[in-house]
Amino acid sequence: MIFLKTEDEIELMRAANLLVGDTLAEIAKMIKPGVTTAQMNSVAEEYIRDHGAVPTFLGFPNPYGGPFPASICTSVNDVVVHGVPNDTPLEEGDIVSVDCGTLLNGFNGDSCYTFCVGEVSDEVKALLQRTKEALYKGIEAALPGKRIGDIGASVQEHCTSAGYGIVKEFVGHGIGKEMHEDPQVPNYGRRGNGPMIKNGMCIAIEPMITMGNPSVYMMPDRWTIKTRDGKVAAHFEHTIAVHNGKFDILSSFEKIERELNKN
Ligand code: MG
Ligand code: MG
């Protein structure tokens, strides 16, 4: 069932999502070779709690195993999603996707940004750029009267035309009082197909795009998802609301990119 949100609820969602953006900006400040994803997790958890929210991912149930043990997902290089923070230092040339969720005043925020550690190759930079562009192409398709398939088709066309792979096992989603609500929002699809997009809908759009083949597998920890060919993957995510006949991006990369541009 798709829960449409009121204007007041959308403002609560915006607050939760801006806190996610602020948290990711704190992480942007510390990204460099030698830093561990466990250190990033500690900073994120403390920042979220200091701002009166709960890190939604901590203890998140897993249909395949134990609950998620950390407050952010940190997916390095060939890890596509759901990487568990650990004590391995990041190295020059790595990329790390940091996915963060907050629960604030009863509503959820969810956003992800893929960071470069030091200097990365032009090939990898191009993948990150294309994935972020695809996210905005998807968002631009999220208008009342269109369909969820229009979002997926827009993301898919922008990535496959550059030769990249679309991960199909994981998808975007409705979001509100629950982190994952209906409808599912795949990064592929056909225009004119799927649920109708309506005013009041809040969804997370999150392309997960691979440099090579999009086939993935789960590690024995029952969380970490990697590409089978060992090539890198990128992941960018915004939570948006559709209201007043338009899309409205509730999360923000603005502070993240301000921090990154200082370096
Ligand atoms: Mg997320
Ligand atoms: Mg999400």
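Touching an Asp or Glu at 6+ places or on another chain (Cβ under 6 Å), under 22 Å from ASN108 (Cβ atoms) and of a type outside the set (Asp, Glu) - does that describe any residue in the stretch 130-151?
There is no residue in the stretch 130-151 that is touching an Asp or Glu at 6+ places or on another chain (Cβ under 6 Å), under 22 Å from ASN108 (Cβ atoms) and of a type outside the set (Asp, Glu).
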Discussion item. Here's a check for you: in the stretch 94-107, which residue that is more than 10 Å from ligand 1 (Cβ to nearest atom) and touching a helix residue (DSSP H, G or I) at 6+ places or on another chain (Cβ under 8 Å) is nearest to GLU46 (Cα to Cα)?
Written reply: THR102
Discussion item. Going through GLU178, GLU257 one at a time, which residue ends up being outside any strand (DSSP E or B), out of contact with any Asp or Glu (no Cβ under 9 Å at 6 or more places or on another chain) and within 14 Å of ligand 2 (Cβ to nearest atom)?
Written reply: GLU178
Discussion item. Out of ILE95, ILE48, I need the residue that is of a type in the set (A, V, I, L, M), touching a Phe, Trp or Tyr at 6+ places or on another chain (Cβ under 9 Å) and at pLDDT 95 or above. Which one?
Written reply: ILE95
Fill in: Hey, GLY109 of a type outside the set (Asp, Glu) and assigned to a loop (DSSP other than H, G, I, E, B) or not
no
Worksheet item: Checking ALA234 against (1) part of a loop (DSSP other than H, G, I, E, B); (2) within 16 Å of ligand 2 (Cβ to nearest atom), which test does it fail?
Response: (1)
Worksheet item: So how many residues does the stretch 3-62 have that are more than 18 Å from the chain's Cα centre (by Cα), under 23 Å from THR224 (Cα atoms) and buried (at least 17 other Cβ atoms within 10 Å of the Cβ)?
Response: 1
Discussion item. Residues that are away from ligand 1 (no atom under 16 Å from the Cβ) and not in a loop (DSSP other than H, G, I, E, B): does the stretch 161-175 have at least one?
Written reply: yes
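Here are MET211, MET218, MET201: which of them is away from ligand 2 (no atom under 12 Å from the Cβ) and surrounded by fewer than 15 Cβ atoms within 10 Å (Cβ to Cβ)?
Numbers: MET211 fails: surrounded by fewer than 15 Cβ atoms within 10 Å (Cβ to Cβ); MET201 fails: surrounded by fewer than 15 Cβ atoms within 10 Å (Cβ to Cβ).
Exactly one of MET211, MET218, MET201 is away from ligand 2 (no atom under 12 Å from the Cβ) and surrounded by fewer than 15 Cβ atoms within 10 Å (Cβ to Cβ), namely MET218.
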Worksheet item: Taking the condition assigned to a helix (DSSP H, G or I), aromatic (Phe, Trp, Tyr) and modelled with pLDDT of 95 or more, does TYR188 pass?
Response: no
Worksheet item: Restricting attention to the stretch 112-142, and to residues there that are in a helix (DSSP H, G or I), surrounded by fewer than 16 Cβ atoms within 10 Å (Cβ to Cβ) and charged (D, E, K, R), which single residue is nearest to ligand 1 (Cβ to nearest atom)?
Response: GLU140
Worksheet item: Quick one: would you say LEU250 is surrounded by fewer than 19 Cβ atoms within 10 Å (Cβ to Cβ), among the hydrophobic types (A, V, I, L, M, F, W, C) and either farther than 16 Å from GLY138 by Cα or touching a residue at least 12 places away in the same chain (Cβ under 8 Å) (or both)?
Response: no
Worksheet entry | Selection from the stretch 219-243 of residues that are out of contact with any Asp or Glu (no Cβ under 9 Å at 6 or more places or on another chain) and within 24 Å of GLU181 (Cβ to Cβ) | ARG222, TRP223
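The values are calculated or read from the model by the stated rules, or taken from the named source; none is laboratory data. These numbers were taken from a predicted model, which means no experiment stands behind them. When we count neighbours, we look across all protein chains shown, and the Cβ atoms used for this are built from the backbone with ideal geometry, even at glycine.
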